[in-house]
Every structure is written in C-alpha cells, then in structure tokens.
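The values are calculated or read from the model by the stated rules, or taken from the named source; none is laboratory data. Since the structure is predicted, the reported quantities are computational estimates derived from the model, not experimental observations. No Cβ is skipped: glycine too gets one built from the backbone with ideal geometry, and neighbour counts run over all protein chains shown.
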Amino acid sequence: MALWLVTATVVAAPPSVIAEEATVQDNVDVGLEYTLTVEGNVVESTEGGEPFHYIHGRAQMIPGLERQLTGLHVGETAEVSVSPEEGYGPVDPAAFIEIPKTQLPADVTPEVGMVLRGINPDGQNFQAKIDELKEESAVLNLNHPLAGKTLNFTVKILALSPAPRPADDERRGGPAPRDADDPLQVPLERAP
C-alpha cells in the first residue's frame with residue numbers, strides 16, 4: 001500500500017478591486033457624501049462625517065436617487081432632484097388612521113404636530129405625527145415626513161467596491177408582511 005503525502009499552500013487571492021474607470025452600477029457598494037435639501041432647508045447631510053454606503057440595485061435607497069446615480073465615477077459630484085413619486089411617494093390619505101386616545105402614551109399630553117414613534121411587528125421603527133385630536137380619539141399621519149416633497153440632493157461619489165452577496169433573508173424577499181387589519185399593533189412613545 002502506497003501512501004501519498006500531499007501538501008498544499010493556499011495563497012489568498014488579492015481582494016477584488018474595482019478599476020478607476022468603474023461606474024456606479026448594480027451590485028456595487030457605493031460610498032458617497034450627500035446633502036439633502038427640501039424646500040430650501042438642509043434636512044440631512046453626511047458632509048464632514050462618515051460616508052453613506054449602500055449596494056446599488058438592491059433597493060436600499062429611494063429609487064429616484066439610485067437611478068440618477070447610475071453611471072457616475074469616483075470623485076464625481078451631481079445635483080439630483082427627486083420627485084415625490086420617485087422619493088417617499090405622494091401623501092397617502094390611507095396612511096391617516098384614527099385611534100382611541102387610550103392608545104397614546106400615558107406620560108404625555110398629546111398635541112397636534114407631536115411626533116410619536118414605535119416599532120412595527122416586523123421590528124422596523126416608524127414615526128406617526130398627530131394630525132388631529134378629537135374628544136375620544138386621535139388621527140395619526142403615518143406617511144413618511146418627506147412624503148409629497150421634492151428632494152434635492154448634492155452627491156459626491158467617494159468609493160466603489162464589490163458588493164457582498166445578499167443575505168439569505170434578502171434573497172427570500174425579506175420578512176413576512178404584517179397584519180394589515182391592525183395598522184399599529186404596538187405601543188407608541190413620544191419621539192425625542
């Protein structure tokens with residue numbers, strides 16, 4: 001009986017690097033700096049902080065911005081205007097719900113305009129703005145605060161790199177949908 005001893009040396013391949021001429025495209029990790037302005041007011045900015053990262057083509061950002069970044073190179077700056085339809089959507093009248101005041105946080109005096117927060121059954125944070133107070137109930141606006149608004153971005157592409165493979169739950173389509181019959185299903189608290 002012959003015994004063969006085999007030795008192998010594993011040499012790690014160099015990390016994948018995207019060439020300088022690469023562009024923002026599907027399945028690329030994009031690092032960018034941005035400033036979001038709405039109605040002349042700066043709403044959010046990463047300028048001077050950590051870059052924002054997302055995987056292009058995996059629906060990780062608003063569609064109108066993602067679409068307009070396609071084809072940009074590292075170092076390029078773009079002024080991007082996103083309509084409500086391609087941003088956070090138009091104001092949806094169905095996103096106004098009436099709940100008994102007993103479901104509001106007991107430790108606050110509710111006021112029109114007050115923002116409450118909660119976690120939905122899928123584990124996602126949400127905000128609800130008190131739109132109207134009635135004798136025994138409150139009308140909450142569950143629309144995104146930027147729904148119905150045109151979003152103006154100044155964006156600079158800082159880095160492009162290969163994207164990791166999608167997680168198993170992303171490949172399966174994400175978490176199960178919540179029960180549409182109960183729009184809240186969770187206790188609310190006052191947003192800071």
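Tell me yes or no: at least one residue of the stretch 60-80 is over 26 Å from ASN27 (Cβ atoms) and of a type in the set (S, T, N, Q).
no
Evaluate the stretch 153-174: report whether one residue or more is modelled with pLDDT of 90 or more, of a type in the set (S, T, N, Q) and within 26 Å of GLY31 (Cβ to Cβ).
yes
When residues of the stretch 54-85 are filtered for being in contact (Cβ under 8 Å) with a residue 60 or more places away in the chain and not β-branched (Val, Ile, Thr), how many remain?
14
Taking the condition under 30 Å from ALA22 (Cβ atoms) and of a type outside the set (A, V, I, L, M, F, W, C), does ASN120 pass?
no
When the stretch 98-132 is examined, which residues are found to be touching a Pro at 6+ places or on another chain (Cβ under 6 Å) and surrounded by 14 or more Cβ atoms within 10 Å (Cβ to Cβ)?
Scanning the stretch 98-132 gives LEU104, ILE130.
This table checks each residue for (1) among the charged types (D, E, K, R); (2) buried (at least 16 other Cβ atoms within 10 Å of the Cβ).
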| position | (1), (2) |
| --- | --- |
| GLU66 | yes, yes |
| GLY71 | no, no |
| GLU85 | yes, no |
| ASP92 | yes, no |
| PHE96 | no, yes |
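Looking only at the stretch 142-160, decide whether some residue is aliphatic (A, V, I, L, M) and free of Cβ contacts under 8 Å to residues at least 40 places away in the same chain.
no
Is one or more of the residues making up the stretch 91-98 part of a loop (DSSP other than H, G, I, E, B) and either over 28 Å from SER161 (Cβ atoms) or in contact with a helix residue (DSSP H, G or I) (Cβ under 6 Å, 6 or more places away or on another chain) (or both)?
Yes, because at least one residue in the stretch 91-98 is part of a loop (DSSP other than H, G, I, E, B) and either over 28 Å from SER161 (Cβ atoms) or in contact with a helix residue (DSSP H, G or I) (Cβ under 6 Å, 6 or more places away or on another chain) (or both).
Quick check: is even one residue across the stretch 50-67 within 12 Å of LYS156 (Cα to Cα) and acidic (Asp, Glu)?
no
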